[in-house]
Amino acid sequence: MKLQFCKEPLDQVAQRCLVVLATRDGKTFGGGVAGELLAPFVASGEFGRDFGVILYLVKPQGLAVERLLVLNLGKSADSDDDLRKGAARAWKELRKRGYDEALYSCEGLEQPGQIRAIVEGFQLGAYQMTQFKSDKEKLKPELTRLHLHGADAHAAQIERWVAVAEGTCRARDLCLLPPNELNPISFAEKAVAWGAEFGFETKILDKAAIAAERMNAILAVAQGSVLEPRLCLLDYQPDTPSVKTIVLVGKAVTFDSGGLNLKLAALPEMKGDMGGGAAVLGIMSVLRAIRYPHRVVGLIPAVENMLSGSATRPSDIVTSRAGITIEINNTDAEGRLILVDALAYAAAYQPDYVVDFATLTGACMVALGPKIYGVMGNHQPLVDAIVKAGWEVHEPFWQLPLFDGYKELLDSDLADISNLPSTRYGGAITAGLFLERWARDYKWAHCDIAAAITEHEDEYAPANGAGAGVRMMVEVLDRVESLA
Ligand code: BES
Ligand code: ZN
Ligand code: ZN
């Protein structure tokens, strides 16, 4: 989606269609003079009462646009997210009518957050994956251009938000790709290609290199697959000397069958088990565009968790990179295994902060439901920043406690730790506690985004691939200097 800013008075903007968002009682969000055309339709009841009702005017009086589309937001639009949803729905209405561009006037919109929500609504709502549809004639039009009127004062910020939302859409693409297309090898190839395109260095460790680094937990997860594992090392360096270093770690299990502890249900969703890696790649892909001033390193272990004669057996014991031994009592608790070797590797960068992203536990969805993600960590200001930024951009995160008293649930008779807690209750927390054992040398937070790959389609996110984490984390990165 390209942005185009227009400066002339709204009644002289000669685009095809102006979009206005308004509540059922006629309160508009931007739209300048166009709002006046709405009043008689509110008075007559034709504007309806519910979210989604459309008023579509041909050659609206006093305007130079050919059409005006007003979308009813319903009773009220108290939160910016109502505007995001409204803009997404309005775009879908235009798309049905064959449009490939839209005009929105921000005249009268005071708060930058509202402008952000509307622009994101268009952009995120327009997302679609069409790669595998062969009848291209039948495809719905893409949103090629968004004309923004009356937003010049915020142009630089808006361009930044658009770049971040592009990162979200790229993460979505990865989540939706089928596992025969996106496997550990092709994931690493994409990382390299993105590095060249979006301005970060990449180094890929193959199986031999992973073995040489003593990352036996990664190897253990990968060994049941015919495909070798990869560890993607991504390095963004700012143009100016960097003060801080942030390491992002992402779980990329390109397909999680469960291994010998084979999953019984919901297998197709497990193509998205690389959602953490997708978030990290998505974040890395926007740093150059927003001229981010600190070093950011991405570490993404990519594996396929399969079952075969060479697969890890429940009860196998491996020595992780950090020297901590793990009894693998359940091969379906594989995400934590690949993460801990990467977390151990992260220490070498002497990071100021480490944040990991992972579709780690079904238990996190049991605890927080399908729309809220979990966050845990050993540094409260970092966790606080994630929660605050997440709610602001409407990628809601909620903290779960790394309760000391649950550590013993991970005790193993034979090894230092078991990857399977002795109770199924509190599974998101015990997974966090497992990771914590490897994350003691730096300030760290863990984001469990499992819900992002199982959720149904909504106004501005496709099913199974919300692209969660990118918008939240870029906000946190922006505030890193004010973090303790
Ligand atoms: N990838 C899954 C977690 C998951 C489940 C993500 C559903 C998204 C939707 C993870 O590897 C897993 O299987 N975790 C187990 C851990 C258990 C065996 C300790 C789980 O959550 O049941
Ligand atoms: Zn699993
Ligand atoms: Zn998994």
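The values are calculated or read from the model by the stated rules, or taken from the named source; none is laboratory data. For clarity, every value in this text was computed on a predicted model and none was experimentally measured. Neighbour counts are summed over all protein chains in view; Cβ atoms, including those assigned to glycine, are modelled from backbone coordinates with ideal geometry. Accessible surface areas use protein heavy atoms only, side chains included; no ligands, DNA or RNA. Shrake-Rupley method; radii C 1.70, N 1.55, O 1.52, S 1.80 Å.
Couple of notes before you dig in:
- Whenever a residue of the stretch 246-273 is without any contact (Cβ under 8 Å) to a residue 12 or more places away in the chain, it has no partner that is away from ligand 2 (no atom under 11 Å from the Cβ) lying with C-beta atoms less than 7 angstrom away and at least six residues away or across chains.
- Restricting attention to the stretch 319-340, the residues that are surrounded by 19 or more Cβ atoms within 10 Å (Cβ to Cβ), more than 14 Å from Leu231 (Cα to Cα) and of a type in the set (Val, Ile, Thr) total 3.
- Residues in the stretch 250-296 that are among the charged types (D, E, K, R), touching a Lys or Arg at 6+ places or on another chain (Cβ under 9 Å) and within 13 Å of ligand 3 (Cβ to nearest atom): Lys251, Asp256, Asp273.
- In the condition set (1) touching a His at 6+ places or on another chain (Cβ under 8 Å); (2) surrounded by fewer than 23 Cβ atoms within 10 Å (Cβ to Cβ), Arg479 is compliant with all but (1).
- Near pairs, Cβ below 8 angstrom, 6+ apart or cross-chain, from the stretch 127-155 (more than 27 Å from Val13 (Cα to Cα)) to any residue that is not in a loop (DSSP other than H, G, I, E, B): Met129/Arg172; Met129/Asp173; Met129/Leu176; Thr130/Lys136
- Within the stretch 418-449, considering residues that are aliphatic (A, V, I, L, M) and open to solvent by less than 10 Å² (accessible area, probe 1.4 Å), the one farthest from Val340 (Cα to Cα): Ile449
- Tyr349 being farther than 28 Å from Ala222 by Cα, of a type in the set (Ser, Thr, Tyr) and surrounded by fewer than 19 Cβ atoms within 10 Å (Cβ to Cβ): no
- Scanning the stretch 258-313 for residues that are away from ligand 2 (no atom under 13 Å from the Cβ), of a type in the set (D, E, K, R) and in a loop (DSSP other than H, G, I, E, B) returns Arg288, Arg291, Arg313.
- Failed item in (1) in a loop (DSSP other than H, G, I, E, B); (2) under 30 Å from Leu124 (Cα atoms), with Arg440 passing the rest: (2)
- In the condition set (1) within 16 Å of ligand 2 (Cβ to nearest atom); (2) in a loop (DSSP other than H, G, I, E, B), Ile218 is compliant with all but (2).
- Residues of the stretch 352-393 satisfying the condition of being touching a helix residue (DSSP H, G or I) at 6+ places or on another chain (Cβ under 7 Å), more than 16 Å from ligand 2 (Cβ to nearest atom) and polar (S, T, N, Q): Asn378
- Residues in the stretch 381-395 that are under 12 Å from Cys447 (Cα atoms), open to solvent by less than 10 Å² (accessible area, probe 1.4 Å) and aliphatic (A, V, I, L, M): Leu382, Val383, Ile386.
- Some residue of the stretch 279-294 being surrounded by fewer than 24 Cβ atoms within 10 Å (Cβ to Cβ) and within 16 Å of ligand 1 (Cβ to nearest atom): no
- Residue within the stretch 7-18 that is in contact (Cβ under 8 Å) with a residue 40 or more places away in the chain, in contact with a Lys or Arg (Cβ under 7 Å, 6 or more places away or on another chain) and farther than 12 Å from Gly74 by Cα present: yes
- When the test is whether a residue is open to solvent by 10 Å² or more (accessible area, probe 1.4 Å), out of contact with any Pro (no Cβ under 6 Å at 6 or more places or on another chain) and away from ligand 3 (no atom under 16 Å from the Cβ), Leu360 does not pass it.
- In the stretch 221-247, the residue that is farthest from Arg313 (Cα to Cα) out of those that are assigned to a loop (DSSP other than H, G, I, E, B) and open to solvent by less than 30 Å² (accessible area, probe 1.4 Å) is Pro238.
Residues checked against (1) surrounded by fewer than 17 Cβ atoms within 10 Å (Cβ to Cβ); (2) in a helix (DSSP H, G or I):
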| position | (1), (2) |
| --- | --- |
| Leu143 | no, no |
| His154 | no, yes |
| Gln157 | yes, yes |
| Trp161 | no, yes |
| Gly167 | no, yes |
| Arg172 | no, yes |
| Pro178 | yes, no |
| Phe187 | no, yes |
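- Selection from the stretch 414-423 of residues that are away from ligand 3 (no atom under 16 Å from the Cβ) and in contact (Cβ under 8 Å) with a residue 24 or more places away in the chain: Leu414, Ala415, Asp416, Ile417, Ser418
- The number of residues in the stretch 248-267 that are within 15 Å of Ala171 (Cβ to Cβ) and either near ligand 1 (Cβ under 9 Å from one of its atoms) or open to solvent by 10 Å² or more (accessible area, probe 1.4 Å) (or both) comes to 1.
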